[in-house]
Amino acid sequence: MRGRSLATLGWLVAAIVIALGSAGIAGGLDHPPSSGARPELTYGADRLVAPILDGSTADLRALSDQVDVLAGEGRQALSALVSGDTPGLQAAIGAGEAQVGAIATAARALRTRLAALPPIDAAAAARFGPSTLDRYATLIAALPAVDTLGDEWTRLAAGSVPAVELTTYLSAHDRIAGQAVQLGAAGKYAAAIQTLAKATAELAAARIVRDELASLIDTSTLDAWIDRNATYDAAVGDLWAAVLASPARVTAAARAAAAREEAAKAQLPRNTSALVVILNDIAQGGLNQAVIAIEDARGRLLDALAAAAAQASPGASPALD
């Protein structure tokens, strides 16, 4: 009886051990892995393309730097336009055009490097790890950010042309009209009238530019600027003509002309603040949008760089050596 009890106890102990062991095995089999990746299966392919992806990330960083420079030129162009700095505007436009070429070169370098990779797409998921697939997708998705930058800069440059022309014409008018007034003050009325005609021609050219801008911006401030200067030019020219017609005495025509000249002078802009408003309106008419588009591309590239850096972080590739 005692032998049978010991045997029964032995079998009970064995059954408990087997049950516990089976439960452990089952638990291990049922426990889901942390991810579905099998890095040991994709390690070779991941290591093969890693240097190319690293180089592509460096190319993306260089491309981002180039776009950053272009964004700076865009901001400089806009600032120069609003402040009436024509030489500064022209310098920024020229530098931006050269930068657009550098961006195109950098984008081609990145595309060429990525093209050297074996096919990395949805069908390649079994051959490459998730980190490799994500890095490649990030790099490919970043490229379209720069595709339209050439067009945006062309739009910015084209929008600056009327601003430069307008500033040139209005500045020339003020300079030439000032020379005419000096001649008139010296009693050289005939020469003053001839010089004033040249100033009037500059205003006429400014009106042509105004007509080009009318469909893009509110030209009311520009219209007032041109009209007031034109009114004064006509009034002072009539005064000089009246004095020439009667140099020996003051006629009623001369008195009326003098009154019109005084009234027109009172309406002239006292400073260039209105011109700053005009140029700012032109900037709002399209140049701002171009600068915003460039800044948007810059932001997209920076986001892609941050993502690529995170995807290439230590531990992304298996260390099985």
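The values are calculated or read from the model by the stated rules, or taken from the named source; none is laboratory data. From a predicted model like this one, the values you see are computed outputs, not experimental measurements. Cβ placement follows ideal geometry from the backbone for every residue including glycine, while neighbour counts extend to all protein chains displayed.
Of A58, A107, A91, all but one fail to be surrounded by fewer than 16 Cβ atoms within 10 Å (Cβ to Cβ), without any contact (Cβ under 8 Å) to a residue 60 or more places away in the chain and more than 30 Å from D281 (Cα to Cα); the exception is A58.
So that you can scan it fast, the table gives a plain yes or no per residue for (1) in a helix (DSSP H, G or I); (2) in contact with a Leu (Cβ under 6 Å, 6 or more places away or on another chain); (3) under 21 Å from D85 (Cβ atoms); (4) not aliphatic (A, V, I, L, M):
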{"site": "A172", "(1), (2), (3), (4)": "yes, no, yes, no"}
{"site": "V181", "(1), (2), (3), (4)": "yes, no, no, no"}
{"site": "T200", "(1), (2), (3), (4)": "yes, no, no, yes"}
{"site": "D211", "(1), (2), (3), (4)": "yes, no, no, yes"}
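Listed residues A177, A126; which is more than 25 Å from the chain's Cα centre (by Cα) and not in a helix (DSSP H, G or I)? Every option except A126 fails the conditions.
Considering each of T251, T272 in turn, give the residue that is over 29 Å from V67 (Cβ atoms) and at pLDDT below 90. Before you say what the answer is, go through the steps one by one.
Numbers: T251 fails: at pLDDT below 90.
Just a single option satisfies the conditions, and that option is T272.
Summed over the range 132-153, residues that are part of a helix (DSSP H, G or I) and either acidic (D, E) or at pLDDT below 85 (or both) total 3.
For (1) under 28 Å from N288 (Cβ atoms); (2) among the aliphatic types (A, V, I, L, M); (3) out of contact with any strand residue (DSSP E or B) (no Cβ under 6 Å at 6 or more places or on another chain); (4) modelled with pLDDT of 95 or more, each residue gets a yes or a no:
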site: G159; (1), (2), (3), (4): yes, no, yes, no
site: V164; (1), (2), (3), (4): yes, yes, yes, no
site: T167; (1), (2), (3), (4): yes, no, yes, no
site: L170; (1), (2), (3), (4): yes, yes, yes, no
site: D174; (1), (2), (3), (4): yes, no, yes, no
site: Q182; (1), (2), (3), (4): no, no, yes, yes
site: A185; (1), (2), (3), (4): no, yes, yes, no
site: A191; (1), (2), (3), (4): no, yes, yes, yes
site: A197; (1), (2), (3), (4): no, yes, yes, yes
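Assess whether A310 counts as being assigned to a helix (DSSP H, G or I), at pLDDT below 90 and surrounded by 13 or more Cβ atoms within 10 Å (Cβ to Cβ). Before the answer, list the steps.
On the way: assigned to a helix (DSSP H, G or I): yes; at pLDDT below 90: yes; surrounded by 13 or more Cβ atoms within 10 Å (Cβ to Cβ): yes.
So A310 passes the test.
Quick test for you: out of A158, A177, A191, A204, pick the one residue that is at negative phi, crowded, with 19+ Cβ neighbours inside 10 Å and not hydroxyl-bearing (S, T, Y).
On the way: A158 fails: crowded, with 19+ Cβ neighbours inside 10 Å; A191 fails: crowded, with 19+ Cβ neighbours inside 10 Å; A204 fails: crowded, with 19+ Cβ neighbours inside 10 Å.
Selected residue: A177, the only one of A158, A177, A191, A204 that is at negative phi, crowded, with 19+ Cβ neighbours inside 10 Å and not hydroxyl-bearing (S, T, Y).
When the residues of the range 61-88 are filtered to those that are in a helix (DSSP H, G or I) and free of Cβ contacts under 8 Å to residues at least 12 places away in the same chain, the one that is surrounded by the most Cβ atoms within 10 Å (Cβ to Cβ) is G72.
Being in a loop (DSSP other than H, G, I, E, B) and buried (at least 16 other Cβ atoms within 10 Å of the Cβ) is the filter here, so list the residues in the range 213-237 that pass it. It would help to see each step written out before you state the result.
If we filter the range 213-237 for residues that are in a loop (DSSP other than H, G, I, E, B), which is where we start, we get 214-219.
Within the range 213-237, I217, T219 qualify.
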